[in-house]
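Shown next, in structure tokens, is the structure this report addresses.
The values are calculated or read from the model by the stated rules, or taken from the named source; none is laboratory data. Treat the numbers as computed from the prediction; the structure is a model and nothing was measured. Cβ placement follows ideal geometry from the backbone for every residue including glycine, while neighbour counts extend to all protein chains displayed.
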Amino acid sequence: MKTYNILFLCTHNSARSILGEALATMKTHGRFIGYSAGSTPGTQVNPFAREIALELGYPAERLRSKSWDEFALPDAPVMDFIITVCDNAAGEVCPVWLGHPVTAHWGFPDPSRVGGTDEDKRRAFRDVMVGLHRRIDLLANLPIEQLERLSLQEHTRALAKI
């Protein structure tokens, strides 16, 4: 079984994209290696996203906000999929990605904007995690090797409606 690289993009790379990175790496049985980045990365990973990623077993040393410029460098891993997870990143002009990866937008509300108690905030982050997990799981179970690129692009974009 081939392993695919999947990059999750969100403007600040501190919450949704971090969760995508952790889920893709930890919950696809080796099908994906998850990465994440942002156009204007924050200074730290949101504490609630960090908490969930660590619960998933994701290594703490990999939890950091990164610029998408890191993934446009010549020695960066070549991406098979690029998924934007917030509206800001979907509307931004992205770098040109080597290998012409399959792209899609899976928009999720920003859980870091939720007010209330810590439990309210945790619930918002867990809701995003559940939605991402469902879509990643469906993507991981597609017969990727057998699908033509155009069909794969359509399937990946259709997951945004789930």
Open item on the list: Can you pull out every residue in region 28-51 that is surrounded by fewer than 22 Cβ atoms within 10 Å (Cβ to Cβ), of a type outside the set (D, E, K, R) and part of a helix (DSSP H, G or I)?
Closed with: Pro47
Open item on the list: For the list (1) within 21 Å of Thr25 (Cβ to Cβ); (2) modelled with pLDDT under 95, I need the number of the one condition that Cys94 fails.
Closed with: (1)
Task: Checklist (1) surrounded by fewer than 24 Cβ atoms within 10 Å (Cβ to Cβ); (2) under 13 Å from the mean Cα position of the chain (by Cα); (3) not in a helix (DSSP H, G or I) applied to Thr25, failing item - done: (3)
Open item on the list: Residues to consider are Glu148, Glu55; find the one that is at pLDDT below 90 and of a type in the set (Asp, Glu).
Closed with: Glu148
Task: Odd one out for Lys2, checked against (1) at pLDDT 95 or above; (2) of a type in the set (Lys, Arg); (3) closer than 25 Å to Leu138 by Cβ - done: (1)
- [ ] Answer yes or no as to whether Thr11 is buried (at least 17 other Cβ atoms within 10 Å of the Cβ), among the polar types (S, T, N, Q) and under 17 Å from Asp110 (Cβ atoms).
- [x] yes
- [ ] Answer yes if at least one residue in region 46-69 is hydrophobic (A, V, I, L, M, F, W, C), touching a Ser or Thr at 6+ places or on another chain (Cβ under 8 Å) and without any contact (Cβ under 8 Å) to a residue 40 or more places away in the chain, and no otherwise.
- [x] no
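In region 101-123, which residues are of a type in the set (Gly, Ala, Ser) and free of Cβ contacts under 8 Å to residues at least 40 places away in the same chain? Walk me through how you get there before you give the answer.
Here is the first cut: in region 101-123, the residues of a type in the set (Gly, Ala, Ser) are 104, 107, 112, 115-116.
Passing the criteria: Gly115, Gly116.
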Task: Single match in Val102, Val130, Val114 (criterion: β-branched (Val, Ile, Thr), more than 16 Å from Thr28 (Cβ to Cβ) and either surrounded by 14 or more Cβ atoms within 10 Å (Cβ to Cβ) or modelled with pLDDT of 95 or more (or both)) - done: Val114
Task: Complete set of residues in region 105-148 that are assigned to a helix (DSSP H, G or I), over 20 Å from the mean Cα position of the chain (by Cα) and of a type in the set (D, E, K, R) - done: Asp118, Glu119, Asp120, Glu145
Open item on the list: Quick check on region 70-80. Is at least one of its residues surrounded by fewer than 18 Cβ atoms within 10 Å (Cβ to Cβ), touching a Pro at 6+ places or on another chain (Cβ under 7 Å), at pLDDT below 95 and not in a loop (DSSP other than H, G, I, E, B)?
Closed with: yes
Task: Residue check, Arg123 at pLDDT 95 or above and either surrounded by fewer than 20 Cβ atoms within 10 Å (Cβ to Cβ) or farther than 24 Å from His29 by Cβ (or both) - done: yes
TODO: Return the pairs, sorted by first residue and then second, in which the second residue is buried (at least 17 other Cβ atoms within 10 Å of the Cβ) and assigned to a loop (DSSP other than H, G, I, E, B), the first residue lies in region 135-147 and is touching a residue at least 12 places away in the same chain (Cβ under 8 Å) and of a type in the set (A, V, I, L, M), the beta carbons are less than 6 Å apart, and the residues are 6+ apart or on different chains.
DONE: Ala140/Thr28; Ala140/Arg31
